[in-house]
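Peer 1: Provided herewith is a single structure, encoded as structure tokens, for subsequent inquiry.
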Amino acid sequence: MKLYSTLDKDIVEIQPVKTGQVSMYSCGPTVYYRMQIGNIRAYVNWDILHRALMYLGYEVKRVMNITDVGHMTSEDDFGSDFGEDKLDIQSQKEGVQPIDIANKYIDTVIEDFRALNILAPNGELLPVGLTHLDIQKYGFPRATEYIQEMIEIIKKIEGNGYTYETDQALYFDVTKVDDYNIFTGQALEEKEVGVREEVEVDPEKKHPADFVLWMKKVGKYEKHLMNWDSPWGVGFPGWHIECTAMSVALLGESFDIHTGGIDHIPVHHTNERAQNIGAFGHPAVKYWIHNEWVVNKDDSKISKSKGTKTYLPNLVGMGFDPMDIRYYLLSINYRTKIQFSHEALEGARNARIAITRRITELGSENGNLLPEFVLKFKDSLEDNLNMSKAVAILNELLRSNNQKGDILATVLDFDRVLGLDLDKVSVKEEGIEDGRLEELLSLREKAKIAKDYQESDRLRDEMYSLGFIVKDTPEGQKVERI
Ligand code: AMP
Ligand code: ZN
């Protein structure tokens, strides 16, 4: 399989460390608020990569962390060492402890992932009833549960001479890594401009690009809410060390793929790579792969903090099915910028409904895979995850003159990667009991009012299986016969 490697600045053939197995680490959500459409994009893209690797026959060993401490706010959203801890701010806003904020928003991540058919890192669909209490077994380590591992790695980095300590923090000395700025190609002096304000906070900091490994509970952070004991005093870890500790603890000192949004390239991933070199004397990651942004109409990056109402429940409330959103995001290649608009999302919904209608017409005959189409589909996945092409092949297949049963079997095979619930599209031939439809609509209305989206989706699916498409419009639910 070929992917675009940010370090190679080129599309390269993926050659895993262990033949037949791909190890993959995905920078996960910072759980101080719900996921917005940009985060959802990242996770849909990497879910497609995960599923594509499995489809192509690889065994996938995957980890996605949960950041529940130490991710600081910053003007440019690139993460700064001396901003405010995002969890702390939200905890003050909501009047509860940071851990309660984290737990609450982890639960929303689980709900959104489930609704969007985003597989857990261990390859399973997240079961109904799963909460933050049980996520570790599904491949989601939490930063706050890996503090000891972080301390151990920091000790290694320190032992190898890559750090220095001030009254406020333990820093990574970036001048010790020759090719520190390999991602951006910038000279270190150029980087100074971007991070200048931080020097004013800690006058002992040597180079503006040096970054915090351990922040002490002093000065600005005297009131920081979550703290641990460490060889450098009571405090909390820097954001970048979290990912290094969790990836190495769970995937080893050399692994294949590390994913994240392009916002992570200049700082977070640059620093993760430096930490790997500081701790082990060599980089840990073979391929750094990044997704482009989802942006607003004015080209600005959509972010959680800017309250852009692109959270899944908002979009569902506007009448979109989670599968419309999944289809929208997966059909655009991961390195293409998406300018979010309702019109585009509506276009995706229409395209998806057209696909489901065609599948309904296919009936439910059994059939065999069509090798010519499977091959083309595989080729498009292997070709740097060319999903716009993969979707075009799906449509070509649906329009083809092959046996209906064979088309259906092949579509369902593709859905192992697409994850669009194409197997749930089936319509009963027989009629529907008098009053049943009205009853289901009223139950669904109540579920929506109670914000029980799972139940409302289930009811929508039940009506679908009875032959009706339910649409949410400003005037309420509208039903059409399929
Ligand atoms: P966060 O929860 O902010 O730590 O972000 C989680 C993931 O979403 C990271 O991999 C980010 O790079 C990615 N991400 C955040 N905002 C966007 C956006 N507007 N477009 C695409 N990816 C994003
Ligand atoms: Zn990360």
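Peer 1: Output wanted: per-residue J couplings in Hz (rounded whole) for the range 147-152, from phi through Karplus 6.51 cos²θ - 1.76 cosθ + 1.60, θ = phi - 60°, x for Gly and Pro.
Peer 2: So the J values, rounded to whole Hz, are 4, 4, 4, 5, 4, 4.
Peer 1: May I pose another question? May I ask what percent, to the nearest 5, of DSSP beta bridges between residues of the range 2-291 are antiparallel?
Peer 2: 50
Peer 1: Hey, what do the phi angles of the range 272-278 turn into as Karplus ³J(HN,Hα) couplings, whole Hz, using 6.51/-1.76/1.60 and θ = phi - 60°, x for Gly and Pro?
Peer 2: Coupling constants for the range 272-278: 4, 5, 4, 5, 4, 5, x Hz.
Peer 1: Can you give me the relative contact order of the chain as a percent, contacts being Cα pairs under 8 Å and 6 or more apart?
Peer 2: 17
Peer 1: Would you mind checking the tilt of helix 37-55 against the longest principal axis of the Cα atoms of the chain, expressed as 0 to 90 degrees and rounded to 10?
Peer 2: Rounded to the nearest ten degrees, it is 70.
Peer 1: Then there's this: What are the radius of gyration and Dmax of the range 61-174, computed over its Cα atoms and given in Å?
Peer 2: Rg then Dmax for the range 61-174, in Å: 16.8, 48.
Peer 1: Dipole of the chain (Lys/Arg Cβ +1, Asp/Glu Cβ -1, origin at the Cα centre): which of Leu375, Ala102, Val316 lies farthest to the positive side?
Peer 2: Of Leu375, Ala102, Val316, it is Leu375.
Peer 1: Something else: Considering only the other residues whose Cβ falls under 15 Å of the Cβ of Asp379, what net charge follows from Lys and Arg at +1 and Asp and Glu at -1?
Peer 2: Local net charge: -2.
Peer 1: What dipole magnitude, in Debye to the nearest 20, does the range 180-317 give about its Cα centre under +1 on Lys/Arg Cβ and -1 on Asp/Glu Cβ?
Peer 2: Once rounded to the nearest 20, the dipole reads 440 debye.
Peer 1: Within straight cross-link reach of Lys137, meaning Cα distance under 17 Å, which aspartates and glutamates are found once same-chain residues fewer than 8 apart are removed?
Peer 2: Asp107, Glu111, Glu124, Glu145
Peer 1: Then there's this: Carbon-plus-sulfur fraction of the accessible area of the chain, 1.4 Å probe, in percent?
Peer 2: Carbon-and-sulfur percentage of accessible area, whole number: 49.
Peer 1: For a quick check: with amide H placed at 1.01 Å from N, whose amide H comes under 5 Å from Phe468's, ignoring anything fewer than 5 positions away on the same chain?
Peer 2: Ile482
Peer 1: So, one more: Could you provide, to the nearest whole Å², the per residue accessible area of the range 2-291 with probe 1.4 Å?
Peer 2: Averaged over the residues of the range 2-291, the accessible area is 37 Å².
Peer 1: For Gln15 and Lys337, what is the calculated FRET efficiency with R₀ set at 35 Å and r taken between the beta-carbons, to the nearest 0.05?
Peer 2: E(calc), rounded to 0.05, equals 0.75.
Peer 1: Now, a different point. Please give the calculated 222 nm ellipticity per residue for the chain, where each DSSP H segment of at least 4 residues contributes -39500 (n - 2.57) and the sum is spread over every residue; nearest 500 deg cm²/dmol?
Peer 2: -13000 deg cm²/dmol
Peer 1: What list of whole percents do you get for P(r) of the range 430-482, with Cα-Cα distances grouped in 5 Å bins up to the one holding the largest distance?
Peer 2: Per 5 Å bin, starting at zero, the Cα-Cα P(r) for the range 430-482 comes out as 5, 20, 33, 27, 11, 3, 0 percent.
Peer 1: Report, to two decimal places, the Cα Rg of the range 2-291 normalised by 2.2 N^0.38 Å (N = number of residues).
Peer 2: 0.96
Peer 1: Which pairs break 27 Å Cα to Cα here: Lys217/Lys301; Lys9/Lys304; Lys309/Lys471; Lys86/Lys217; Lys155/Lys301?
Peer 2: Listed pairs above 27 Å: Lys217/Lys301; Lys9/Lys304; Lys155/Lys301.
The values are calculated or read from the model by the stated rules, or taken from the named source; none is laboratory data. Here the structure is a predicted model, which means the values were calculated and not measured. Backbone-built Cβ (ideal geometry, glycine too); neighbour counts: all protein chains shown. Areas reflect the complete protein model, heavy atoms only, side chains present, ligands, DNA and RNA absent. Shrake-Rupley method; radii C 1.70, N 1.55, O 1.52, S 1.80 Å.
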